[in-house]
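Presented below is the structure to which this report refers.
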Amino acid sequence: MKTKTLKKDKVNIITLGCSKNMVDSEVLSGQLLANEIDVVHENSKKDHNIVVVNTCGFIDKAKEESINTILEQVELKNRGRLEKVYVTGCLSERYRGDLESEIPGVDAWFGTMELPLILKKFDADYKAELIGERLLATPTHYAYLKIAEGCNRTCSFCAIPLMRGGHVSRPIEQLVAEAEKLVNSGVKEIMLIAQELTYYGLDLYKQRRLADLLRALANVKGLEWIRLHYAYPHKFPMEVLDVMNEFPNICNYIDMPLQHAADNMLKSMKRQITRAEMEELVTAIREKVPGICLRTTLITGYPGETLEDVEELKTFLEKMRFDRVGVFTYSHEEGTSAYDLEDNIPAEEKERRAQDIMEVQQEISLEKNQEKVGKVFRVIVDKKESGRYLARTEFDSVEVDNEVIINTSKRLKPGDFVNVRITKAYDYDLEGELV
């Protein structure tokens with residue numbers, strides 16, 4: 001027993017949920033390393049004695065995955081394979097009281113903003129001077145940059161403000177310094193994330209400053225690609241598009257979740273926008289940045305959604321022809337204003353509607369991909385798998401979008417940029433040869 005207590009701690013961080021959570025885990029890792037504590041992400045060697053589970057509490061499926069992961073780790077602890085299990089993140093923030101009594105095997109629970117308290121458990125200090133120091137959980141050639149925390153919107157279906165609080169922007173200088181550190185460590189592509197990018201700066205500078213932030217980041221030497229995730233359509237700052245046109249290293253790509261197209265749904269969802277206004281916005285964005293890739297996400301099965309509403313969503317997709325679409329089924333979340341509505345659509349029907357929507361998009365995606373055959377694109381190489389390379393164009397983000405399959409005997413490395421002529425198109429992927 002004595003030798004065991006003398007063994008140096010090794011911490012494994014398991015991250016569930018979104019890229020914003022991943023950044024939090026990377027920051028925690030950076031702080032632990034600075035305090036000379038051995039730390040890894042998703043450790044496959046299983047040679048750690050402490051686990052931190054960073055949970056997601058966004059929708060039912062995510063909550064279930066988080067709880068199952070916690071239970072697995074507690075079971076390992078009960079079998080003597082682990083000494084401590086700590087839990088942090090959104091699920092912990094939202095349900096800490098219930099979870100403490102239901103899963104007593106967890107050694108401590110922390111909310112989303114309690115990094116210094118987690119560090120205290122390791123007799124470690126929070127080092128403020130380490131802003132931007134992270135142990136990346138992503139491959140070394142790309143990273144996420146969280147430009148703000150929380151959200152001020154009141155969308156009826158969303159529990160994020162309950163778990164993350166109001167919108168808090170990070171200063172431009174701090175973000176530029178962090179981007180420089182990332183680039184110096186080998187990062188070529190940075191993905192800007194926040195609950196809502198377009199609100200950036202309002203709290204801090206009393207005006208929207210996303211365009212200014214982009215301009216500052218675009219001037220970071222060695223930063224090849226900057227990508228925008230999670231723009232909110234209401235009061236979208238059009239000056240962002242001018243900066244996009246000005247700098248070749250800002251990808252012609254915007255991820256803008258629209259959630260629905262039927263006006264009655266948009267109103268109930270408290271989206272502050274109508275279908276006509278969304279169509280106008282999409283048209284204006286495409287006019288300003290020809291060839292831009294627009295990604296959106298939609299929700300099916302929201303309370304009161306009729307089959308006519310679903311049909312309207314389909315005609316909206318057919319008309320607007322988005323490049324990328326993701327569909328979620330509605331999750332009834334306590335504490336949200338939609339929770340007062342009756343969750344009146346069965347789970348199977350929600351899934352069927354989501355499937356219907358995706359079939360419409362699948363066709364659009366294939367047609368758009370077929371238009372790319374014969375054209376040459378600059379791509380970033382992500383990895384080698386089954387003897388071929390997987391890469392992405394500037395129109396594709398990590399994990400959620402299309403990939404370009406490259407068959408070549410030439411040796412490529414992750415993070416390499418190469419030119420590829422597209423030879424084949426599939427529903428969601430492309431195939432090409434090196435030029």
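The values are calculated or read from the model by the stated rules, or taken from the named source; none is laboratory data. Everything quoted here is computed from the prediction, not taken from an experiment. Note that each Cβ is placed from the backbone with ideal geometry, even for glycine, and that neighbours are counted across all protein chains shown. Heavy atoms of the whole protein, side chains included, go into the accessibility calculation; ligands, DNA and RNA do not. Shrake-Rupley method; radii C 1.70, N 1.55, O 1.52, S 1.80 Å.
Might you report the magnitude of the Cβ-based charge dipole of the stretch 157-221 about its Cα centre, with Lys and Arg at +1 and Asp and Glu at -1, to the nearest 20 debye? Can you show the working numbers first?
Details: 9 positive and 7 negative charges, 15 e Å.
With only Lys, Arg, Asp and Glu charged at Cβ, the dipole is about 80 debye.
Restricting to DSSP loop positions (anything but H, G, I, E, B) with no more than 11 other Cβ atoms inside 10 Å of their own Cβ, which GluC sites (Glu not before Pro) remain in the stretch 100-149?
Of the GluC sites (Glu not before Pro), not one in the loops of the stretch 100-149 has a Cβ with at most 11 other Cβ atoms within 10 Å.
So, for the chain, what is the accessible surface per residue at a probe of 1.4 Å, expressed in square angstrom?
Averaged over the residues of the chain, the accessible area is 45 Å².
Rounded to the nearest 20 Debye, what is the dipole magnitude of the chain about its Cα centre when Lys and Arg each give +1 and Asp and Glu each give -1 at the C-beta?
Numbers: 60 positive and 73 negative charges, 349 e Å.
Here the size comes out at about 1680 debye.
As a check on your grasp of the helix formula, calculate [θ] at 222 nm for the chain: sum -39500 (n - 2.57) over DSSP H runs of n ≥ 4, divide by the residue count, round to the nearest 500. Mind dumping the intermediate values first?
Details: 14 runs with 157 residues, N = 435.
Helix-only estimate at 222 nm: -11000 deg cm²/dmol.
Step through the residues of the stretch 251-266 one at a time and calculate ³J(HN,Hα) from phi using the Karplus curve (6.51 cos²θ - 1.76 cosθ + 1.60, θ = phi - 60°), rounding each to whole Hz and writing x for Gly and Pro.
Values per residue, Gly and Pro as x: 4, 7, 7, 9, 9, 10, x, 9, 6, 6, 10, 6, 4, 5, 5, 4 Hz.
State, in angstrom, two size descriptors of the stretch 156-297 derived from its alpha carbons: Rg to one decimal place and Dmax to the nearest whole number.
Cα only, the stretch 156-297: 15.7, 49 Å (Rg, Dmax).
Express the relative contact order of the stretch 301-419 as a whole percentage, based on alpha carbon pairs under 8 Å and six or more residues apart in sequence. Walk me through the intermediate numbers first.
Details: 128 pairs, mean separation 27.3, N = 119.
Once normalised by length, the contact order is 23 percent.
Taking H as built 1.01 Å from N, whose amide H comes closer than 5 Å to the amide H of His167, not counting residues under 5 places away?
Cys151, Asn152
What is the set of long-range amide H partners of His41 at a cut-off below 5 Å, with H atoms built 1.01 Å from backbone N?
Answer set, sorted by chain and number: Ile13.
Dipole of the stretch 85-192, Cα-centred, from +1 at each Lys and Arg C-beta and -1 at each Asp and Glu C-beta, to the nearest 20 debye?
300 debye
In percent, how large is the relative contact order of the stretch 1-151, given Cα pairs closer than 8 Å and 6 or more residues apart?
Working: 225 pairs, mean separation 38.4, N = 151.
Relative contact order comes out at 25 percent.
Along the positive direction of the dipole of the chain (beta-carbon charges: Lys, Arg +1; Asp, Glu -1; about the Cα centre), which of Asn152, Met256, Val400 reaches farthest?
Farthest towards the positive end: Val400.
If you count only protein heavy atoms and use a 1.4 Å probe, how large is the accessible surface of Arg353, to the nearest 10 Å²?
About 20 Å², rounded to the nearest 10.
Could you give the nm distance between label points at Glu363 and Asp242, where each point is 7 Å from its Cα heading toward the beta carbon?
Inter-label distance under the simple model: 4.1 nm.
Choose one of Phe122, Gly335, Ala231: the residue whose Cα lies farthest towards the positive end of the charge dipole of the chain (beta-carbon charges +1 Lys, Arg; -1 Asp, Glu; about the Cα centre).
The one lying farthest along the dipole's positive direction is Phe122.
Under the rule that a partner needs its Cβ under 4.7 Å from the first Cβ, which Cys of the chain have none?
Cysteines lacking a close Cβ partner in the chain: Cys18, Cys56, Cys90, Cys151, Cys251, Cys293.
Given the C-alpha atoms of the stretch 71-129, compute the convex hull and give its volume per residue in Å³. Write out the running numbers ahead of the final one.
On the way: hull volume 5.2 nm³, N = 59.
Enclosed volume per residue, from the Cα hull, is 88 Å³.
Compute for the stretch 119-200: radius of gyration divided by Kirkwood radius, i.e. Rg/Rh, restricted to C-alpha atoms, rounded to two decimals.
Rg/Rh: 1.02.
As a test, work out the antiparallel percent of DSSP beta bridges whose residues both lie in the chain, rounded to the nearest 5.
Here the antiparallel bridges make up roughly 35 percent for the chain.
Which one of Met278, Gly291, Gly304 is farthest out on the positive end of the charge dipole of the stretch 245-317, using unit charges on Cβ (Lys, Arg +1; Asp, Glu -1) and the Cα centre as origin?
Gly291
Given contacts defined as C-alpha pairs under 8 Å and at least six residues apart, what's the relative contact order of the chain, whole-number percent?
It rounds to 10 percent for the chain.
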